[in-house]
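The values are calculated or read from the model by the stated rules, or taken from the named source; none is laboratory data. Please read all numbers here as calculations on a predicted model, not as lab measurements. Cβ atoms come from the backbone with ideal geometry, glycine included; neighbour counts cover every protein chain shown. What goes into the accessible areas is simple: the full protein's heavy atoms, side chains included, and nothing from ligands, DNA or RNA. Shrake-Rupley method; radii C 1.70, N 1.55, O 1.52, S 1.80 Å.
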Amino acid sequence: MCGIIGYLGHKEAYPIIINGLKKLEYRGYDSSGIAVFYKNGYNLYKTKGRVYELEKKISSCKKKIKGTTGIGHTRWATHGIADHINAHPHVSNSNELIIIHNGIIENYYAIKIILLKNGFTFKSQTDTEVLVNLIEYLKKENKLSLEEAVRISLNEIIGAYSIVVVEKSHPETIIIAKLGSPLSLGINNKEFFVASDPISFINYTKSVLYLKDGEMAILKKGKELDLRKIIDNHRLNPIVKKLKINLKEIEKGEYKYFMLKEIYEQPKTILDTLRGRLLIPEKIICINGVEFNKDIFIHAKCITIVACGTSWHAGLIGEYLLEELTRIPVEVEYASEFRYRNPILGKNDVIIVISQSGETADTLAALKLAKKKGAFVFGICNVVGSSIARNVDAGAYTHAGPEIGVASTKAFTAQITVLILLSLIIGKNRSTINNNRYKFLCKELGLIPEKVDYTLKIVDSIIRKISQIYYNVNNFLYLGRGINFPVALEGALKLKEISYIHAEGYPAAEMKHGPIALVDENMPVVFVAIKEGFYNKIVANIQEIKARKGKVIVIINEDDTQVNMLADHVIKIPSTPEILSPLLTVIPLQLLAYQIAYIRGENIDQPRNLAKSVTVE
Ligand code: M6R
């Protein structure tokens, strides 16, 4: 979590930093701050709350902020409450060193005690202030250059970081370093842009170097980049890549919120995820990462899917898909649990890690553990070049494009799309799916983008109506069965994240084992009740809710006439084979959450207490 940005060049730094921070706000928005450097000094501003508060504070000072070196930070609080004292940048005791940091320093307390004994004092409760003072202490004690003091300090700390350090008296040099948290460096003709995410500087340069764990760089104005290993100062060859993102992808355009834009992008993002992989009419599916490792998948005794949050829900859908189409047993695990329970893994085990950001700390740690134990790790990631994408043995990108709304939508459907493709390839190769079914599913999968588009058009007005009726309730239940049970979980997660209404998802038949006690005339219950599979069973579950006066909202197929009669509100979607249906059933649930949060006046893209990429445990 937290977003950091830095600039060193010949342009005015302030607009670059403040505009970059706005693009990084999805990573945390508890507080923000900037420092812009001039000869032998700097202007430092910090505030609790969002970047626009910071901008307001700065413009009310009516002071011109001038300087061509600058750093900025937007925070998701870990150590210490969200106030302006704990906001970054943090300054060392002598006022000489200034730092911004994303990550967590686990042994900060032990270091703080040593520093306190050596006369250091602390204003904030942060681990970051400890780090900047450790650098200062080692620099002075051992008469080191800044880069050497940073390097030696980093070898003393345990934890995760991406940092930018500047010395007040030498603002023409900045030191950056990374371990565990993302850091990219944009280079444009000896101008340097540093950030947690390159989208914050993409309008200046598309030439990017992704620092690897254990790397640091010394950036000097007008000079070539100097890349080093933190452990031994060994010089490294920088590998600069060209980014493919275009600016439109990271702008809201005509939409009020990124989440809505991203929901409406899904016909395109699913198509992009299928592009070049599902070839129609030949009905050939090819994913390079699977193709090159086909034997590993074909002979897998079991597959474990590991992820967090929405990606974990996609994993649950993957379990249904893989078991149904490949007959390989699948387990789905929360990354945070998996990594700490000493899982039994060996050489022939297959692990699939799923992550939109590719930076989720628990998923990354689970991946590393699985690799250490000799398993083959396949990644499904959205962010190109992310830590997870770089660490897996093989993988498939989801091609959903940058997802900025904190509530994941288009990444989810893209993850399911990859899981469907993967299941079809393995199933075909293991002969666990017959040719006719394979061809039929390929054809139907090819129709999904159009059907998502159609769904978005036909559900809009009914969802607005339903949202007007229920936006003020305190609780919601979401029920589904089979492959649509995880969709119910996802619907509930979307609602609670952005509207703060308590919502729970359950397998519909579990109701009578407890949750049905909650049902009364005030409880809206959303059912995913499409026609295939468990239809009759779910109709019975709907009747059970009606008998207890619950308000029933159903998602059904357009040609359904039975549930139509039973429900209070009906949301119709086109038909598709059940195994592909999550790609359609989740669309109205995303929109319902959005509309309810919108009516309640919530900040949809930046819900309280959350951040887009969870790079701490
Ligand atoms: O980037 P990841 O997919 O690894 O993120 C996992 C979760 O943090 C994420 O899905 C989270 O639950 C979202 N806020 C859900 O909308």
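Before moving on, here are some points about what is shown:
- Of the residues examined, Ile239 is one that is without any contact (Cβ under 8 Å) to a residue 60 or more places away in the chain, of a type in the set (A, V, I, L, M), open to solvent by 60 Å² or more (accessible area, probe 1.4 Å) and assigned to a loop (DSSP other than H, G, I, E, B).
- Only one entry of Glu504, Glu444, Glu497 meets the criterion of being away from the ligand (no atom under 16 Å from the Cβ) and either assigned to a helix (DSSP H, G or I) or within 29 Å of the chain's Cα centre (by Cα) (or both), and that entry is Glu444.
- Restricting attention to the stretch 237-262, the residues that are out of contact with any Lys or Arg (no Cβ under 7 Å at 6 or more places or on another chain) and within 30 Å of Ile458 (Cβ to Cβ) add up to 8.
- Qualifying residue in the stretch 578-599 (condition: more than 16 Å from the ligand (Cβ to nearest atom), more than 21 Å from Val459 (Cβ to Cβ) and of a type in the set (Phe, Trp, Tyr)): no
- Filtered residues of the stretch 404-418 (kept if at pLDDT 95 or above and either closer than 16 Å to Ile351 by Cα or in contact with a helix residue (DSSP H, G or I) (Cβ under 6 Å, 6 or more places away or on another chain) (or both)): Ala407, Ser408, Thr409, Lys410, Phe412, Thr413, Ala414, Gln415, Ile416, Thr417, Val418
- The requirement of being among the aliphatic types (A, V, I, L, M) and in contact with a helix residue (DSSP H, G or I) (Cβ under 6 Å, 6 or more places away or on another chain) is fulfilled nowhere in the stretch 78-86; no residue meets it.
- Contact map, the stretch 342-361: first residue closer than 29 Å to Leu610 by Cα, second residue acidic (Asp, Glu) and within 16 Å of the ligand (Cβ to nearest atom), Cβ cut-off under 7 Å, separation 6 or more or different chains; pairs are Gln356/Glu403; Ala361/Glu617.
- Complete set of residues in the stretch 82-138 that are among the β-branched types (Val, Ile, Thr), open to solvent by 30 Å² or more (accessible area, probe 1.4 Å) and at pLDDT below 95: Ile85, Ile104
- Flag if Tyr470 is assigned by TED's automatic domain parsing to the domain that holds Phe527 and away from the ligand (no atom under 16 Å from the Cβ): yes
- The set of residues in the stretch 348-366 being near the ligand (Cβ under 8 Å from one of its atoms) and farther than 20 Å from Ile416 by Cβ consists of Glu359 alone.
- Taking (1) closer than 20 Å to Pro574 by Cβ; (2) touching a residue at least 24 places away in the same chain (Cβ under 8 Å); (3) of a type in the set (S, T, N, Q); (4) open to solvent by 10 Å² or more (accessible area, probe 1.4 Å) in turn, Ser461 satisfies each apart from (2).
- Criterion (surrounded by fewer than 23 Cβ atoms within 10 Å (Cβ to Cβ), part of a helix (DSSP H, G or I) and more than 9 Å from the ligand (Cβ to nearest atom)) met by exactly one of Leu419, Leu345, Leu369: Leu369
- Among the residues here, Gly379 does not qualify as away from the ligand (no atom under 16 Å from the Cβ) and not aliphatic (A, V, I, L, M).
- Checked against the criterion of being under 24 Å from the mean Cα position of the chain (by Cα) and assigned to a helix (DSSP H, G or I), the candidates Tyr52, Tyr137, Tyr109, Tyr29 yield just one match: Tyr52.
- Those residues of the stretch 171-181 which are open to solvent by 10 Å² or more (accessible area, probe 1.4 Å) and not hydrophobic (A, V, I, L, M, F, W, C), in sequence order: Pro171, Glu172, Thr173, Gly180
- Positions within the stretch 576-617 being in contact with a Lys or Arg (Cβ under 7 Å, 6 or more places away or on another chain) and assigned to a loop (DSSP other than H, G, I, E, B), in sequence order: Thr576, Ala611, Lys612, Ser613
- Residue match in the stretch 139-146 (condition: open to solvent by 20 Å² or more (accessible area, probe 1.4 Å) and among the aliphatic types (A, V, I, L, M)): yes
- Conditions (1) part of a loop (DSSP other than H, G, I, E, B); (2) closer than 19 Å to Glu617 by Cβ; number of the one not met by Phe120: (2)
- Candidate set from the stretch 431-446 (those that are in contact with a Lys or Arg (Cβ under 7 Å, 6 or more places away or on another chain) and under 27 Å from Asp349 (Cα atoms)); member that is surrounded by the fewest Cβ atoms within 10 Å (Cβ to Cβ): Thr432
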